[in-house]
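The values are calculated or read from the model by the stated rules, or taken from the named source; none is laboratory data. The structure displayed is predicted, hence computed values, not measured ones. For neighbour counting, all protein chains shown are included, and Cβ atoms are generated from backbone atoms with ideal geometry for every residue, glycine included.
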Amino acid sequence: MLSFILGLIFFPLTILFSWVVVHPQEEKLVLMWGKLTRVIKTPGLCFVNLWGSKVITVSTKQQTIEIHKAVVADANANPIIIAAVCTFKVVNSVKAALQVEDYLNFVRLQAVAVLKQVASKYPYSSPDGHSLKDETAHIGQEMVRILAAKVQIAGVEIISYEISDLSYAPEIAQAMLVRQQAQALVDARKIVVEGAVEIVHDAITHLKAKGVEINPTHQSKVVGNLLAIICGEAKVQPTYAIQDYESDKTSENMQKVIQLLEEIKRNLTPKA
């Protein structure tokens, strides 16, 4: 009634300054002397009595907030730097305007807390892939679920929550890089050794299939030389140890070698 009386007394001012424009994807909450009386959702020009009224504007558009880089301890207690991007929209303008002081700041603070909470549950990287680095999609869904429960009181719906930056903190970055390089080198060596073993096995099998008989002693030397050549990083020169003839005199191949050497010796000896 008081607003009506003041409107009549100051009629020219009331007519000039009591119009409110509602834009698309926007809602206006009208409080008359501290009491919510109207929620205007239809875009256009609306009349709201100037006297005793307060108009609160709430945007229902999708909004994005950036969670700046923060230092967090992961599941292995290693300090990491993490940042994220959160997308949300207001689905209940009354809650957004009246249940919290500043819904935008409220969502931002809750998003920071959720990011730190979830990041501390996972390691930065892991051989089994269960980590922040390898499961960003799964972790994003988990953060959406947790954050949605926290901001429900503000009438906000969380659309997405994604990690935008992830790295080790500077104080341990160099040490972790060396560790990753060492792990990568070990993994590569394992692959090389497995391949070398298969190649050597195939070589011995093919030699036997071709009728080339190799006794166990010489077979171990062949295997050792092949593994050294395949697994070595630099150019490798295979070697063959010269053993005492007495140990291999029973070998047919060694006897032929001895006869050949004796014949060469006779040919090189000057005749009297």
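Among the residues of the range 83-91, are any farther than 16 Å from E157 by Cβ and assigned to a helix (DSSP H, G or I)?
The answer is no; no qualifying residue exists.
Name the single residue that is surrounded by the most Cβ atoms within 10 Å (Cβ to Cβ) among those in the range 76-99 being under 15 Å from the mean Cα position of the chain (by Cα) and under 19 Å from R145 (Cβ atoms). Give the steps one after another, and end with the answer.
Residues of the range 76-99 that are under 15 Å from the mean Cα position of the chain (by Cα), as a first pass: 80-85.
Now drop any that are not under 19 Å from R145 (Cβ atoms), which leaves 82, 84-85.
Numbers: I82: 21, A84: 25, V85: 16.
Step by step, filter the range 76-99, then rank; the result is A84.
Which pairs turn up if I take residues in the range 53-77 that are free of Cβ contacts under 8 Å to residues at least 60 places away in the same chain and within 30 Å of K133 (Cα to Cα) and look for partners that are basic (K, R) and assigned to a strand (DSSP E or B) with beta carbon separation below 7 Å, at least 6 apart in sequence or on another chain?
Pairs that qualify, where the first residue is free of Cβ contacts under 8 Å to residues at least 60 places away in the same chain and within 30 Å of K133 (Cα to Cα) and the partner is basic (K, R) and assigned to a strand (DSSP E or B), are Q63/K89.
Of all residues being part of a strand (DSSP E or B) and touching a Ser or Thr at 6+ places or on another chain (Cβ under 9 Å) in the range 45-56, which is surrounded by the fewest Cβ atoms within 10 Å (Cβ to Cβ)? Just the residue, please. Break it down into steps so the answer makes sense when it comes.
Quick first cut of the range 45-56, residues part of a strand (DSSP E or B) only: 45-47, 53-56.
Checking the rest, the ones that are also touching a Ser or Thr at 6+ places or on another chain (Cβ under 9 Å) come to 47, 53, 56.
Numbers: F47: 10, S53: 16, I56: 16.
By that ranking, first place goes to F47.
If you go through the range 198-219 one residue at a time, how many are modelled with pLDDT of 70 or more and in contact with a helix residue (DSSP H, G or I) (Cβ under 8 Å, 6 or more places away or on another chain)?
Final tally of qualifying residues: 4.
Could you look through the range 100-123, keep only residues that are crowded, with 20+ Cβ neighbours inside 10 Å and among the aromatic types (F, W, Y), and pick out the one that is modelled with the highest pLDDT?
So the residue we want is Y103.
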